[in-house]
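The block underneath contains the structure these notes are about, expressed in structure tokens.
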Amino acid sequence: MVKIIIADDHAVVRTGLKQIIEQDPFLSVVGEASSGFELLEKVQEGDFDVVLLDISMPGKDGLSTLMDLKRIKPNLPVLVFTVYPEDQYAIRLLKAGASGYLNKECEPEELIEAIHKVSVGRKYVSEHLAELLAT
């Protein structure tokens with residue numbers, strides 16, 4: 001079972017993500033955070049296999065949170081899941097240690113695929129981002 005913590009400042013988004021994720025019998029949402037500070041606190045206290053991280057949250061942005069997460073638990077996969085287009089932030093976040101980057105406009109099946117991929121230590125990028133990286 002892959003244990004996931006969702007970090008997003010919108011409760012309705014966290015609830016929707018949880019419903020989508022838990023349709024897969026191998027995935028379980030075992031934690032939620034509404035800010036970067038709350039996420040860091042929960043990650044230090046809990047045992048998670050994947051972090052699903054929004055980059056726009058109050059108090060501490062996703063990039064700073066990601067960098068702190070990588071200092072605390074360098075091997076914990078972080079999948080960035082955001083409304084921001086890949087060409088604006090993806091490369092910077094991947095270089096900072098994200099295991100993947102996914103836009104919130106994706107299909108639920110792509111989200112599940114990305115979580116599975118990063119949970120086993122692989123990287124995830126969309127086809128569009130792969131093309132950007134190749135050029």
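The values are calculated or read from the model by the stated rules, or taken from the named source; none is laboratory data. Values in this document were obtained by computation on a predicted structure and should not be read as measured data. Note: ideal-geometry Cβ built from the backbone for every residue, glycine included; neighbour counts use all protein chains shown. Surface areas here come from the heavy atoms of the whole protein model, side chains and all, with no ligands, DNA or RNA. Shrake-Rupley method; radii C 1.70, N 1.55, O 1.52, S 1.80 Å.
Within the set of pairs 6 or more residues apart or between chains, which connect a residue that is exposed (fewer than 13 other Cβ atoms within 10 Å of the Cβ) inside region 67-91 to a residue that is of a type in the set (Asp, Glu) and in a loop (DSSP other than H, G, I, E, B) with Cβ atoms less than 9 Å apart?
Val83/Asp54; Val83/Glu105
Considering only region 44-54, I want to know if a residue exists there that is at negative phi, open to solvent by less than 10 Å² (accessible area, probe 1.4 Å) and assigned to a helix (DSSP H, G or I).
Scanning region 44-54, I find no residue that is at negative phi, open to solvent by less than 10 Å² (accessible area, probe 1.4 Å) and assigned to a helix (DSSP H, G or I), so the answer is no.
Do we have any residue at all in region 93-109 that's open to solvent by 50 Å² or more (accessible area, probe 1.4 Å), part of a helix (DSSP H, G or I) and without any contact (Cβ under 8 Å) to a residue 24 or more places away in the chain?
Within region 93-109, one or more residues are open to solvent by 50 Å² or more (accessible area, probe 1.4 Å), part of a helix (DSSP H, G or I) and without any contact (Cβ under 8 Å) to a residue 24 or more places away in the chain.
Go over the candidates Ile20, Ile5 one by one and state the one that is out of contact with any Cys (no Cβ under 8 Å at 6 or more places or on another chain) and assigned to a strand (DSSP E or B).
Working: Ile20 fails: assigned to a strand (DSSP E or B).
Just a single option satisfies the conditions, and that option is Ile5.
Can you pull out the residues in region 11-42 that are touching a residue at least 12 places away in the same chain (Cβ under 8 Å), within 19 Å of Gly59 (Cα to Cα) and open to solvent by 50 Å² or more (accessible area, probe 1.4 Å)?
Across region 11-42, the qualifying residues are Ala11, Glu32, Phe37, Glu38, Lys42.
Quick one: in region 110-135, which of the residues that are open to solvent by less than 80 Å² (accessible area, probe 1.4 Å) and assigned to a loop (DSSP other than H, G, I, E, B) is nearest to Val50 (Cα to Cα)? Walk me through it before giving the result.
Quick first cut of region 110-135, residues open to solvent by less than 80 Å² (accessible area, probe 1.4 Å) only: 110-112, 114-119, 121, 124-126, 129-130, 132.
Still in the list and also assigned to a loop (DSSP other than H, G, I, E, B): 121, 126.
On the way: Gly121: 10, Ser126: 18 Å.
Result: Gly121.
Could we say that Gly59 is within 21 Å of Ala11 (Cα to Cα), modelled with pLDDT under 95, of a type outside the set (A, V, I, L, M) and open to solvent by 30 Å² or more (accessible area, probe 1.4 Å) here? Outline the logic, then answer.
On the way: within 21 Å of Ala11 (Cα to Cα): yes; modelled with pLDDT under 95: yes; of a type outside the set (A, V, I, L, M): yes; open to solvent by 30 Å² or more (accessible area, probe 1.4 Å): yes.
Answer is yes for this residue.
Inside region 78-92, can you point out the residues that are more than 8 Å from the chain's Cα centre (by Cα) and outside any helix (DSSP H, G or I)? Let's see the steps before the verdict.
Step one: list which residues in region 78-92 are more than 8 Å from the chain's Cα centre (by Cα), which gives 82-92.
Once the filter is applied, which keeps residues that are more than 8 Å from the chain's Cα centre (by Cα) and outside any helix (DSSP H, G or I), region 78-92 yields Thr82, Val83, Tyr84, Pro85.
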